[in-house]
1. Give the residues of segment 238-251 that are surrounded by 15 or more Cβ atoms within 10 Å (Cβ to Cβ), outside any loop (DSSP other than H, G, I, E, B) and more than 15 Å from the ligand (Cβ to nearest atom), sorted by residue number.
2. Look through 124, 131 and report the one residue that is assigned to a helix (DSSP H, G or I), within 13 Å of the ligand (Cβ to nearest atom) and at pLDDT 95 or above.
3. Filtering segment 51-68 down to residues that are more than 23 Å from residue 115 (Cα to Cα) and at pLDDT 95 or above, which residue is surrounded by the fewest Cβ atoms within 10 Å (Cβ to Cβ)?
4. Let me confirm something: among 14, 77, which residue is more than 17 Å from the chain's Cα centre (by Cα), surrounded by 20 or more Cβ atoms within 10 Å (Cβ to Cβ) and within 20 Å of residue 128 (Cβ to Cβ)?
5. Given the options 179, 201, name the one that is within 16 Å of the ligand (Cβ to nearest atom), free of Cβ contacts under 8 Å to residues at least 40 places away in the same chain and under 18 Å from the mean Cα position of the chain (by Cα).
6. Give me the strands (runs of 3 or more DSSP E) completely within segment 25-97, filtered to those with at least 2 residues that are away from the ligand (no atom under 14 Å from the Cβ) and free of Cβ contacts under 8 Å to residues at least 40 places away in the same chain, ordered by residue number.
7. Inspect all residues belonging to segment 9-20 and state whether any of them is farther than 27 Å from residue 245 by Cβ, part of a helix (DSSP H, G or I) and modelled with pLDDT of 95 or more.
Ligand SMILES: NC(=O)c1ccc[n+]([C@@H]2O[C@H](COP(=O)([O-])OP(=O)(O)OC[C@H]3O[C@@H](n4cnc5c(N)ncnc54)[C@H](O)[C@@H]3O)[C@@H](O)[C@H]2O)c1
């Protein structure tokens, strides 16, 4: 899928991996529709990016909020004449450290509200966003030579494969994203729409800045090479490749410097 002069929806685009990707796609000529619940950061970003960017305050755990943002995006794309090219679903949350153990030291089981919070944003919010964007994506003009209509980019995590203590809900949400990638690609093949999931390890972002220096350092120590957290721009480069390379489809790409997350930190 070409990037220039196409509109891309980026959820979670006001920070971290989504923000770096929104900027990268914009710098390659895309129109970016940023959906995020952080209205201050979102407004500041579109001021910085200018007329090829729009911000719609959105909570991806609320289906009506997504519906409004998708309709506003489609209306914006109609006005600019730049058809939808894809969705990056990067809005996500994760409770760092051992706060979400399945049973705590007082023998209290993990609350359903903690489980629902993570699953509603990371899994249901991702599926709901792409579900609502798709009727508009299947209606765009297909591009030669493959009759391609667009790309869905999903964000899993190393936790899908080697989740740490305290990550059952987060790992469940990210494992589900990895699992649904192939059936999603299979469902959408007839429309010329691809689905690609990226599973990052430790990347610099607002989410990982809440980890604390000690936890971050111990994760960095188990990186194979390079021995450092990934940079959001490195994630954005892979998104760009996934958009541009039509053979990437129905797959989960680990972006992790060969790191496998340890049990003990
Ligand atoms: N940074 C990492 O090390 C890492 C590793 C693996 C996976 N991930 C995943 O990458 C994605 C992006 O995370 P990040 O590290 O950039 O974090 P981040 O906290 O910097 O950015 C997440 C963004 O999502 C937004 N968001 C959160 N809940 C939302 C909601 N309900 N509705 C709309 N927006 C919401 C936040 O406002 C924020 O702008 C997440 O899915 C995360 O699980 C991150």
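The values are calculated or read from the model by the stated rules, or taken from the named source; none is laboratory data. What you are looking at is a predicted structure, and each value in this text was computed from that prediction instead of being measured. Here Cβ is always computed from backbone atoms with ideal geometry, including for glycine, and neighbour counts include all displayed protein chains.
1. Within segment 238-251, 240, 243, 251 qualify.
2. It is 124.
3. Looking at residues that are more than 23 Å from residue 115 (Cα to Cα) and at pLDDT 95 or above, I get 67.
4. Answer to the selection: 77.
5. 179
6. Here the list reads 53-57.
7. No - not one qualifying residue is present in segment 9-20.
Okay, residues lined up against (1) more than 20 Å from residue 140 (Cα to Cα); (2) out of contact with any strand residue (DSSP E or B) (no Cβ under 9 Å at 6 or more places or on another chain):
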site	(1), (2)
7	no, no
23	yes, no
30	no, no
33	no, no
42	yes, no
55	yes, no
74	no, no
78	no, yes
